[in-house]
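Asker: A single structure is presented below for examination.
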Amino acid sequence: MIHRYVFHNERLATIEEVRLSPGQAGLLSGWGLFTTVRIFEGIPFAFERHWKRLERDASRIHCPFSFSAERVREQLGEVLRANHVKEGCARIYAVYNQVGFWRSGEEFPPADMIIYSSDLPAYSHHVRLGVREQGRHAASPLAGVKVTSWLTNVWSLQEAQSEGFDEVVMLNERGEVAECTAANIFCVKGGRVATPPLKSGCLEGVTRGVLLEVGAAAGVPVEEKTLVPQDLHAADEVFISSTNRNLLPVSEIAGRKIGDGNTPVVERLEKVFEGYVRKYLDLQAASAAKR
């Protein structure tokens, strides 16, 4: 559940005070962007990576995005302090207001900026995954863009959960593995780690990007490789990654057990990732102390 204080455009307010209008065209059509940021020790982790993706995606969907990274970072900090968040997560939204026919004559900025926070959701330590065909359209010009029209993901997740799974593997139109609804996916075979390439239609996840960079330091380089469901079934280990979950081992996919239950490679990568996070937090704290 989201916390009480929200930043809407240039104002920190309670949820009850924030007004969104049906005349904001992008609000009801899903023409907007968002990102979810992990908060460690009151610090937004990898904010720069999130911001770079927001700017790139705004250009792809032609959403006005004249916001300042420094100012939004300050506003996010205000939200975290108002809600007393030390460990949790936050979302940053940009909603396109003045587009299309179904809009009102109200005076809106070109796009609304909305920032809010929440506690971390609870997850099982070993997740069970379903499989959904045609879950991603890799050929779409919007493939891999984190847009607010999120129905495919929340519907697919609810369907999977109604069948007893925690998440679901989304296959693209070629039958290749793309990702889960809100996580990237990796498989381990013979000590080597692979994750689907961006051309599969997957999101360029922030945690995914860090693992591609730091995996070699753990003695387990992570590479992009086209995967099919059989690769997952035959893997020694499978895990998913996301902002809120970091790395989570997968115990089962569509009723098939994965490996022997041991996850040494995932554990090694977790330690390296935690070391990366620690270094980032220390640098941010040192930078803040100089200001």
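Asker: Of the numbered conditions (1) under 22 Å from HIS125 (Cβ atoms); (2) under 19 Å from the mean Cα position of the chain (by Cα); (3) small (Gly, Ala, Ser), GLY261 fails exactly one; give the number of that condition.
Answerer: Unmet condition: (2).
Asker: Restricting to the range 238-291, name every residue that is of a type in the set (A, V, I, L, M, F, W, C), under 20 Å from PHE40 (Cα atoms) and open to solvent by 40 Å² or more (accessible area, probe 1.4 Å).
Answerer: Once the filter is applied, which keeps residues that are of a type in the set (A, V, I, L, M, F, W, C), under 20 Å from PHE40 (Cα atoms) and open to solvent by 40 Å² or more (accessible area, probe 1.4 Å), the range 238-291 yields LEU283, ALA285, ALA286, ALA288, ALA289.
Asker: Moving to a separate point now. (1) touching a Ser or Thr at 6+ places or on another chain (Cβ under 8 Å); (2) crowded, with 23+ Cβ neighbours inside 10 Å: which one isn't true of GLU223, the others all being true?
Answerer: (2)
Asker: Report yes if some residue within the range 231-248 is of a type in the set (Gly, Ala, Ser), under 16 Å from the mean Cα position of the chain (by Cα) and closer than 17 Å to ARG128 by Cα; otherwise report no. Steps first, answer last, please.
Answerer: Quick first cut of the range 231-248, residues of a type in the set (Gly, Ala, Ser) only: 234-235, 241-242.
Next cut, under 16 Å from the mean Cα position of the chain (by Cα) only: 241-242.
From what is left, the residues that are closer than 17 Å to ARG128 by Cα are 241-242.
Checked the range 231-248: at least one residue is of a type in the set (Gly, Ala, Ser), under 16 Å from the mean Cα position of the chain (by Cα) and closer than 17 Å to ARG128 by Cα.
Asker: Any chance the range 107-124 includes a residue that's assigned to a loop (DSSP other than H, G, I, E, B), open to solvent by less than 20 Å² (accessible area, probe 1.4 Å) and touching a residue at least 24 places away in the same chain (Cβ under 8 Å)?
Answerer: no
Asker: Has the range 149-172 got at least one residue that is open to solvent by less than 10 Å² (accessible area, probe 1.4 Å), polar (S, T, N, Q) and farther than 24 Å from ALA234 by Cα?
Answerer: yes
Asker: So if I check each of ARG208, ARG278, which one is closer than 21 Å to LEU171 by Cβ, of a type in the set (Lys, Arg) and at pLDDT 95 or above?
Answerer: ARG208
Asker: Please identify the pairs in which a residue from the range 145-158 that is in contact (Cβ under 8 Å) with a residue 40 or more places away in the chain and within 23 Å of ASN97 (Cβ to Cβ) has its Cβ atom under 8 Å from the Cβ atom of a residue that is in a helix (DSSP H, G or I) and small (Gly, Ala, Ser), counting only partners at least 6 apart or on another chain.
Answerer: Within 8 Å, the pairs are THR148/GLY26; SER149/SER29.
Asker: For the range 226-237, enumerate the residues that are small (Gly, Ala, Ser) and open to solvent by 10 Å² or more (accessible area, probe 1.4 Å).
Answerer: ALA234
Asker: On to the next question. Of everything in the range 240-274, what is touching a residue at least 60 places away in the same chain (Cβ under 8 Å) and in a helix (DSSP H, G or I)? Give them in sequence order.
Answerer: Passing the criteria: VAL265, VAL266, LEU269, PHE273.
Asker: From VAL127, VAL131, which residue is in contact with a Lys or Arg (Cβ under 9 Å, 6 or more places away or on another chain) and under 18 Å from SER251 (Cα atoms)?
Answerer: VAL127
Asker: Of the residues that sit in the range 202-220 and are of a type in the set (A, V, I, L, M, F, W, C) and without any contact (Cβ under 8 Å) to a residue 60 or more places away in the chain, which one is surrounded by the most Cβ atoms within 10 Å (Cβ to Cβ)? Write out each step before concluding.
Answerer: So the first thing to find is which residues in the range 202-220 are of a type in the set (A, V, I, L, M, F, W, C), and the list is 202-203, 206, 210-212, 214, 216-218, 220.
This time we only want the ones that are without any contact (Cβ under 8 Å) to a residue 60 or more places away in the chain, so: 203, 212, 216-218, 220.
Details: LEU203: 21, LEU212: 18, ALA216: 11, ALA217: 14, ALA218: 19, VAL220: 18.
Selected residue: LEU203.
Asker: Does ARG91 satisfy the condition of being open to solvent by 40 Å² or more (accessible area, probe 1.4 Å), out of contact with any helix residue (DSSP H, G or I) (no Cβ under 7 Å at 6 or more places or on another chain) and assigned to a helix (DSSP H, G or I)? Steps first, answer last, please.
Answerer: Values: open to solvent by 40 Å² or more (accessible area, probe 1.4 Å): yes; out of contact with any helix residue (DSSP H, G or I) (no Cβ under 7 Å at 6 or more places or on another chain): yes; assigned to a helix (DSSP H, G or I): no.
Taking the combined requirement at face value, the residue does not satisfy it.
Asker: If you take the residues of the range 1-33 that are touching a helix residue (DSSP H, G or I) at 6+ places or on another chain (Cβ under 8 Å) and assigned to a strand (DSSP E or B), which of them is farthest from VAL85 (Cα to Cα)?
Answerer: This residue is GLY32.
Asker: Moving on. Where residues in the range 31-63 are surrounded by fewer than 16 Cβ atoms within 10 Å (Cβ to Cβ), over 17 Å from the mean Cα position of the chain (by Cα) and not acidic (Asp, Glu), which of them is nearest to VAL95 (Cα to Cα)?
Answerer: Per the stated criteria, the residue is HIS62.
Asker: Given the options GLN98, GLN75, GLN134, name the one that is at pLDDT below 95 and more than 18 Å from the chain's Cα centre (by Cα).
Answerer: Working: GLN75 fails: at pLDDT below 95; GLN134 fails: at pLDDT below 95.
Result: GLN98 is the single residue among GLN98, GLN75, GLN134 that is at pLDDT below 95 and more than 18 Å from the chain's Cα centre (by Cα).
The values are calculated or read from the model by the stated rules, or taken from the named source; none is laboratory data. This structure is a prediction, so every number in the text was calculated from the model and none was measured. Quick reminder, even Gly has a Cβ in these numbers, built from the backbone with ideal geometry, and neighbours come from all protein chains shown. What goes into the accessible areas is simple: the full protein's heavy atoms, side chains included, and nothing from ligands, DNA or RNA. Shrake-Rupley method; radii C 1.70, N 1.55, O 1.52, S 1.80 Å.
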